[in-house]
Amino acid sequence: MPFDVTELVIAIVKALVVFVALLSIVPVLIWMERKVIADIQIRIGPNRAGPFGLLQPLADAIKLIFKENIITQGADKVVYFFAPAVSMVPAIITFAVVPFGDTAHILGRKVLLQVADVNIGILYILALSSLGVYGIVLAGWSSNNKYSLLGGVRSSAQMISYELPLGLALVGPVLLSGSLSLREMINAQGRAGVWFIVPQFLAFAVYLISGFAETNRAPFDLPEAEQELTAGYHTEYSSFRFALFYMAEYVNMVTVGAVATTIFLGGWRGPFGNIVILQPVWFLVKLFAILYFFIWVRGTLPRLRYDKLMKLGWKVLLPLALLNLMVTATVKALAPQSAIPIMSVLSLVLVAIGVIALTIISARSTRTPASGLREPSAEGAFYTWES
Amino acid sequence: MGELIAFVVLGAIAVAAGIAVVVVRNPVHSALFLVVNFFCLAVLFLVLSAEFVAALQVLVYAGAIMVLFLFVIMLLNVAGVFESQRDPLRSQRGLAVCLGLGLLAEVLAIAVSGAARLPSGGGTLPQDFGSPTLVGLLLYSQYVFPFEAVSVLLLIAMVGVVVLTKRSV
Amino acid sequence: MLSAYFPILVLIVLATGFALGALTLSHVLGPKRPNPAKSEPYECGMRPIGSARQRIPVRFYLIAMLFILFDIEIVFLYPWAIVFDHLGLFGLVEMIVFIAILVVGYVYVWRKGALEWE
């Protein structure tokens, strides 16, 4: 393997820049969340630590480092120690394939503004989000607390259930662009002249809703909310370990937002497309728009009960994502040249179908008996909780 | 050269993790060492330029199947049950050692005699070897029948899992 | 092509280093004053009733199995989506057959109630 020191240095610098940028976005996001939710709830939010409360996340982090690490007796110490790291690391390295700009010319060399341009970009992202489940289920199990175990297992069941619509929703844009590489996806949006949110609006909606559930964010945060199950998988975590879980959740949010920006909102493309300096700026603007939407949803919608949550994932989002990809494939097979304009019109129809499906399923579920009762016509029962 | 280093390092970690899977008492730790093993295998696939298979290894094997294993371990609550039991196959240890030594001797004999040596100086790989494009072109044109058979296999698995977890009233 | 993955390795090293470093730092900097009341598992203030390692319900196994099966389906969809232009109508039809068989399975699972009560 030819060993090029300059390439090596460039790779290390890019990874370092992305790493530092990510870890700097997280405190900004935490501050933004607290301020926006306060705004929605007509109160002020943090305003003591620093101007406009900007140093609040830093103050929280410093406080948490100096707190005592309480380990429950009987906990599996090794797994308990590593679970926050297992949760954090996949969230960060997903960012390696997100492009935040086109090619820059630095010191005479062409540098791709992306840490690693691999041609299995989307599969890489899906693989790492599958790995994100481990941190949670291991944290729940190793805490020697039955509520943590239950919360961890429920949370991970929720995450794996929503990975299916997430994966299926992304096949639509892949069909339209013909490549798994995220850089190619942005180029395809450039060639098509329109962001993929227009011909793939249903896919975007399914992806975003699945993204809410993947990151355990409201309204899907039942397994980890403080009022339920005593905070679920991170009940027994104190001090900086809890901070790592908290940060991992925000990094996951940023990742979902970044992938949605790249695939559906055109990534770094903006009106002044050729000025390389502005491209990361556009990327961040779109990213923060999606993150603001995340926070807005959290402040507005009530929490979904767990069985309704799973029902939504399996019975509504999965068929809708499948429908979207089948329609996209059929349109592309029958009219390969004008696939995108046709899809742009059809996507509105599909979204209408989606809304109708959602209404039907939710109307039916308010008529079924509560989960403790069993319908007499059901064909046999599954094992109950106690067996 | 770099590939050789990568192979040795990853192979050593994979073998150590594999041994740990069998040796460690706690089943959840066994499952975690198996995940480490799968990870090493995925990186070895990358070293062999099979990036699609590497992604699949992590996505399906380490990400889905091992999660199932963990759920099953927690479902059966095996961790508490087996920690204090003695080894039920103790009488077979002698036979196991003999067979293991025989296998080792056989492998060494083959390695020394060169019967399994691959031709050196293999050709260069095409540019997109192991990429999803190449896999897709092959899979959906030449291997259509196995591909459709996979869907029937998955259907059988779905029916099977529903039947297994159902209890008639 | 393998060299394209090297920056990922750098990022992995950075992320792991940060996570483990932060964990060790908090281990070192925090006070250590264990007492029995603090290290009991939290159960809303009462003494924990029963062991913590309970069995989880079997429907989690069901969900995990169904996840694997549909995950494999998704994995087959991605290379197909990439080479879709080269395959033409034949590609569309073969994938429709594949998905149709899996939809039959999905409807079966739905009707049998495996997706309920969770």
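Take the residues in the stretch A:1-49 that are in a helix (DSSP H, G or I) and among the polar types (S, T, N, Q), then tell me which one is nearest to A:Val285 (Cα to Cα). Can you show your working first?
Residues of the stretch A:1-49 in a helix (DSSP H, G or I): A:5-40.
Add one more test, that the residue is among the polar types (S, T, N, Q), and what stays is A:6, A:24.
On the way: A:Thr6: 31, A:Ser24: 15 Å.
Among those residues, the one meeting the criterion is A:Ser24.
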Among the residues of the stretch A:138-165, write down those that are among the charged types (D, E, K, R) and in contact with a helix residue (DSSP H, G or I) (Cβ under 9 Å, 6 or more places away or on another chain). A:Arg154, A:Glu163
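Let's see how each residue does on (1) modelled with pLDDT of 90 or more; (2) surrounded by fewer than 20 Cβ atoms within 10 Å (Cβ to Cβ); (3) within 21 Å of B:Ala55 (Cβ to Cβ); (4) more than 7 Å from every other protein chain (Cβ to nearest Cβ):
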residue: C:Ile56; (1), (2), (3), (4): no, no, no, no
residue: C:Ala64; (1), (2), (3), (4): yes, no, yes, no
residue: C:Phe67; (1), (2), (3), (4): yes, no, yes, no
residue: C:Asp71; (1), (2), (3), (4): yes, no, yes, no
residue: C:Asp85; (1), (2), (3), (4): no, yes, no, no
residue: C:Leu92; (1), (2), (3), (4): yes, yes, no, no
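In the set B:Gly94, B:Gly80, which member is away from chain A (no Cβ under 14 Å), open to solvent by less than 80 Å² (accessible area, probe 1.4 Å) and at pLDDT below 90? Talk me through it step by step, then tell me what you get.
Details: B:Gly80 fails: away from chain A (no Cβ under 14 Å).
Of B:Gly94, B:Gly80, the one residue that is away from chain A (no Cβ under 14 Å), open to solvent by less than 80 Å² (accessible area, probe 1.4 Å) and at pLDDT below 90 is B:Gly94.
Just a yes or no: is a residue in the stretch A:251-261 touching a Ser or Thr at 6+ places or on another chain (Cβ under 7 Å), under 22 Å from A:Ile136 (Cβ atoms), in a loop (DSSP other than H, G, I, E, B) and not charged (D, E, K, R)?
Residues of the stretch A:251-261 that are touching a Ser or Thr at 6+ places or on another chain (Cβ under 7 Å), as a first pass: A:252-253, A:255-256.
From what's left, under 22 Å from A:Ile136 (Cβ atoms): A:252-253, A:255-256.
Filter once more, so that each one left must be in a loop (DSSP other than H, G, I, E, B): none.
Within the stretch A:251-261 (the criterion being touching a Ser or Thr at 6+ places or on another chain (Cβ under 7 Å), under 22 Å from A:Ile136 (Cβ atoms), in a loop (DSSP other than H, G, I, E, B) and not charged (D, E, K, R)), the answer is no, since none of the residues qualifies.
If a residue has to be within 7 Å of chain C (Cβ to nearest Cβ) and open to solvent by 10 Å² or more (accessible area, probe 1.4 Å) to count, how many in the stretch A:164-180 make the cut?
Taking the stretch A:164-180 as the starting set, the residues that turn out to be within 7 Å of chain C (Cβ to nearest Cβ) are A:164, A:167-168, A:171, A:174-175, A:178-180.
Next cut, open to solvent by 10 Å² or more (accessible area, probe 1.4 Å) only: A:178-179.
The qualifying residues number 2.
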Filtered residues of the stretch A:259-282 (kept if at pLDDT below 90 and under 17 Å from the mean Cα position of the chain (by Cα)): A:Gly267
For residues that are outside any helix (DSSP H, G or I) and open to solvent by less than 10 Å² (accessible area, probe 1.4 Å), scanning just the stretch A:142-163, find the one that is nearest to the other protein chains (Cβ to nearest Cβ). A:Asn145
Hey, A:Gly190 hits all of (1) surrounded by fewer than 24 Cβ atoms within 10 Å (Cβ to Cβ); (2) at pLDDT below 90; (3) more than 12 Å from the chain's Cα centre (by Cα); (4) over 26 Å from A:Asp102 (Cα atoms) but one; which does it fall short on? (4)
Inspect the stretch A:234-244 for any residue being at pLDDT 75 or above and under 30 Å from A:Leu176 (Cβ atoms) and give the result as yes or no. no
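Which is within 30 Å of A:Leu126 (Cβ to Cβ), within 13 Å of chain C (Cβ to nearest Cβ) and open to solvent by 50 Å² or more (accessible area, probe 1.4 Å), of A:Leu8, A:Leu16?
Working: A:Leu8 fails: open to solvent by 50 Å² or more (accessible area, probe 1.4 Å).
One residue alone meets the criteria, A:Leu16.
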Counting only residues that are within 14 Å of chain B (Cβ to nearest Cβ) and modelled with pLDDT under 90, which one in the stretch A:98-128 is surrounded by the most Cβ atoms within 10 Å (Cβ to Cβ)? A:Gly121
Any idea which of (1) under 30 Å from B:Asp128 (Cβ atoms); (2) within 10 Å of chain B (Cβ to nearest Cβ); (3) surrounded by fewer than 20 Cβ atoms within 10 Å (Cβ to Cβ); (4) modelled with pLDDT of 90 or more is the one C:Ala4 doesn't satisfy? (4)
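How many residues are crowded, with 18+ Cβ neighbours inside 10 Å and more than 7 Å from every other protein chain (Cβ to nearest Cβ) when one looks only at the stretch C:106-118? Break it down into steps so the answer makes sense when it comes.
Taking the stretch C:106-118 first, the residues crowded, with 18+ Cβ neighbours inside 10 Å are C:106, C:109, C:112, C:114-118.
So of that shortlist, the ones also more than 7 Å from every other protein chain (Cβ to nearest Cβ) come out as C:106, C:116.
Residues meeting the conditions: 2.
Residue by residue, here is whether (1) at pLDDT 80 or above; (2) more than 9 Å from chain B (Cβ to nearest Cβ); (3) open to solvent by 10 Å² or more (accessible area, probe 1.4 Å); (4) within 30 Å of B:Val43 (Cα to Cα) holds:
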{"site": "C:Gly21", "(1), (2), (3), (4)": "yes, yes, yes, yes"}
{"site": "C:Ala37", "(1), (2), (3), (4)": "no, yes, yes, no"}
{"site": "C:Tyr61", "(1), (2), (3), (4)": "yes, no, yes, yes"}
{"site": "C:Val104", "(1), (2), (3), (4)": "yes, no, yes, no"}
Looking at A:Leu284, A:Leu291, A:Leu265, A:Leu244, can you tell me which residue is of a type outside the set (Lys, Arg) and open to solvent by 50 Å² or more (accessible area, probe 1.4 Å)? A:Leu284
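Out of A:Ala139, A:Ala85, A:Ala91, report the one residue that is out of contact with any strand residue (DSSP E or B) (no Cβ under 6 Å at 6 or more places or on another chain), part of a helix (DSSP H, G or I), surrounded by fewer than 24 Cβ atoms within 10 Å (Cβ to Cβ) and at pLDDT 80 or above.
Unique residue meeting the criteria: A:Ala85.
Quick check on A:Lys332: is it closer than 21 Å to C:Trp80 by Cβ, open to solvent by 10 Å² or more (accessible area, probe 1.4 Å) and touching a residue at least 12 places away in the same chain (Cβ under 8 Å)?
On the way: closer than 21 Å to C:Trp80 by Cβ: yes; open to solvent by 10 Å² or more (accessible area, probe 1.4 Å): yes; touching a residue at least 12 places away in the same chain (Cβ under 8 Å): yes.
Yes.
The values are calculated or read from the model by the stated rules, or taken from the named source; none is laboratory data. These numbers come from a predicted model, not from an experiment. Glycine gets a Cβ as well: all are built from the backbone with ideal geometry, and neighbour counts include every protein chain shown. Accessible surface areas use protein heavy atoms only, side chains included; no ligands, DNA or RNA. Shrake-Rupley method; radii C 1.70, N 1.55, O 1.52, S 1.80 Å.
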